[in-house]
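Participant: Structure incoming, see below.
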Amino acid sequence: MRIVIVGAGAVGSYLAERLALEGQDIVLVESNAARAAEVQSSIDCIVVTGNGASASTLVKAGLDDADLLIAVSSSDAINVLACSAATTIGIPRTVARVEDAELKAEVEELGVDFIIDPGEAAARDLLALVRRGAISDLVEFADGQLVLLGAYVHPKAAFVGTTLAELRRAVDGWNWLVVAVIRHGETMIARGSTILEPHDHVLLMVQADTTDEAYDLLGISDTAAEKAIVLGATRLAQITAAMLSNNGISTTLIDEDRERCHLVAERLPRVVAVCGSPTDPKLLMAEGVDAADSVLALSGWDGDNLLACLVAKELGAGEVIARFTNTDLVGLLSGAGIDATVSSRLSAANEILRFVRRGIIHSVTTFSDSDAEAIELEVRSTSPAIGKSLNELKAPASLIIGGVQRGDKAFVPRGSTVIEEGDHLIVIARPEAIGAAESLSG
């Protein structure tokens, strides 16, 4: 598939890198020559310097035969114009990043196929985390019957130093599966011989009605938050605070800027807006950080968010969640005391990837500290996997099938599970195995 991406910012460059690794034909259009040169040196794709909102630029670059245009620059107007230009030259599908609420309605009327708001996408992810207790990741598959959970291994956990095979033998009624272990930013698709170490980030596939057992094993709570503190007054922070308060969670927002605090107080009457430093221990204690179930550091600065989380955790906060722009930092912070991270870039990319692969691919999820993807796909009649057990598939080491939906039932498979036509498989794969994962669909 030939895909044109307009805008080489955080979202555009991330999408270009992920899709290029999977073998897609990617053309990235960027108006800033210096940024274009920087991206060209780091991503295996064609980079065109020019105005992606101009039909003439797209035609000159030979992009009139592209299958899809994704406009994700920082300007709503440019993204809308780029989609209009794509339609003019005959690119069949378009995606636009649009944050302005009034403009979204107008864009839909222009025939843009998919509209993404990174802030809203990230806020939805944050709400899901806060509502489900102290976990790092939560993704639903198979119409909600299967759940992919992420958590960090506590240094004092009883299973530290044991292999997954030993752990499985020690646990009665095993009905979940560790699918991946992320250690210092490196992802290992889990096998029986995998040894769990302190601060490992583990991803588990469980049936939705048995998540309590996984929580007990990991020693974490699944109690939904009643009190949350949001640190920062960025657009993401305000959207998240609104979602939390609208879902019955007592929410306080703290920011140093008095004007922004006044705006929050006016726009969000259910949110308590406090003016002060988000890293001031005295202020945090005065606002009850030690009784907060969740503290979300959502400023626009990675360093400030890290410091705020560490201070809140030391003062007794329950779950602490940090927003990171530079996701390369996330893998370096295992064991630092941060329970979960969020990135607007990743949240937006996940939703766009779902759109790009829709059809036999029903869902795609990426992770802040891993290059792995979780993909839900359908097994068609032409699949070479039909009639084979998982043990017989001889799948690449960088791929694992973590869940199966068959009809109206979903389950965590075993090695003896035989694949049938019409099955929905939840596959966790690293970039080099994405092609092999998609081939399972036939």
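What follows draws every value from the coordinates through simple rules; no lab data is involved. Owing to the predicted nature of the structure, the values given are computational and were not obtained by experimental measurement. Ideal geometry is used to build each Cβ from the backbone, glycine not excepted, and the neighbour counts take in all protein chains shown.
Participant: If you consider only alpha-carbon coordinates, what radius of gyration and Dmax does the stretch 2-116 have, in Å?
Facilitator: 12.8, 38
Participant: Which three numbers, in whole Å and largest first, are the semi-axes of the equivalent ellipsoid of the stretch 347-439 derived from its Cα gyration tensor as √(5λ)?
Facilitator: Numbers: eigenvalues 91, 45, 28 Å².
Semi-axes, largest first: 21, 15, 12 Å.
Participant: Antiparallel versus total DSSP beta bridges in the chain: what percent is that, nearest 5?
Facilitator: Just about 50 percent of them are antiparallel.
Participant: So for the stretch 347-439, averaging the separation of alpha carbon pairs under 8 Å that are six or more residues apart and normalising by length, what relative contact order in percent results?
Facilitator: 30
Participant: Restricting attention to the chain, give the cysteines that have no other cysteine Cβ less than 4.7 angstrom from their Cβ.
Facilitator: Cysteines of the chain left without a disulfide-compatible partner: CYS45, CYS83, CYS309.
Participant: If you project the alpha carbons of the stretch 88-183 onto their three principal axes, what span does each projection cover, largest first, in Å?
Facilitator: 61, 27, 26
Participant: Moving to a separate point now. When we measure straight from the Cα of LYS156, which aspartates and glutamates land under 17 angstrom away, once same-chain ones fewer than 8 places off are left out?
Facilitator: GLU197, ASP200, ASP216, ASP339
Participant: In debye, nearest 20: dipole of the chain around its Cα centre with unit charges on the Cβ of K, R (+) and D, E (-)? All intermediate terms of the calculation are to be shown ahead of the outcome.
Facilitator: Details: 35 positive and 62 negative charges, 98 e Å.
Roughly 480 debye for the chain.
Participant: Shifting gears a bit: Let me know the Rg and Dmax you get for the stretch 250-316 when you use only its Cα atoms, in Å.
Facilitator: 11.5, 32
Participant: Report Rg/Rh for the stretch 29-77, rounded to two decimals, where Rg is the Cα radius of gyration and Rh the Kirkwood radius.
Facilitator: Expressed as Rg/Rh, it is 0.94.
Participant: Would you mind calculating the relative contact order of the chain from Cα pairs under 8 angstrom and at least 6 residues apart, reporting the percent as a whole number?
Facilitator: It comes to 12 percent, rounded to a whole number.
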